[in-house]
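Let me begin by presenting the structure, written as structure tokens, before commenting on it.
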Amino acid sequence: MKVEEKGHTTILRDTANDPLEFLEKVTAVYKSYESKNLILDISHAKDIALADLKKFLPLSNAHRKLKKSFVLVTADIDFNAVPAKLVVVPSLLEAHDIIEMEEIERDLGF
């Protein structure tokens, strides 16, 4: 797992190309990152299944309850099939854009 800090955002990259193993690692070290907006980059994983993405939902929900953004990055998925409560985008640029928009919404009280 590779970690990159950018302001109020932490990018966690899956270097093993195994989303479920990556989820376990992120869950194990989550307390270190709970005060930051999180981008989980699993874009290098091949043939990721929707069921695998859904396993990130409990962590996403817990993080959003803390009023922080949680965004997954992967390109090889049917975005229309992803649950509405899970934010999944195809690129890091879009992940940063989503976080910026969510920060503005939180500042405005939404």
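The values are calculated or read from the model by the stated rules, or taken from the named source; none is laboratory data. All figures in this text were calculated on a predicted structure; none of them were measured in a lab. Please note: Cβ atoms are built from the backbone with ideal geometry, for glycine as well, and neighbour counts cover all protein chains shown.
Points worth noting:
- Take the conditions (1) out of contact with any strand residue (DSSP E or B) (no Cβ under 6 Å at 6 or more places or on another chain); (2) at pLDDT 95 or above; L12 misses just one of them, which is (1).
- Filtering segment 4-25 to residues that are farther than 20 Å from A75 by Cα and β-branched (V, I, T) leaves only T9.
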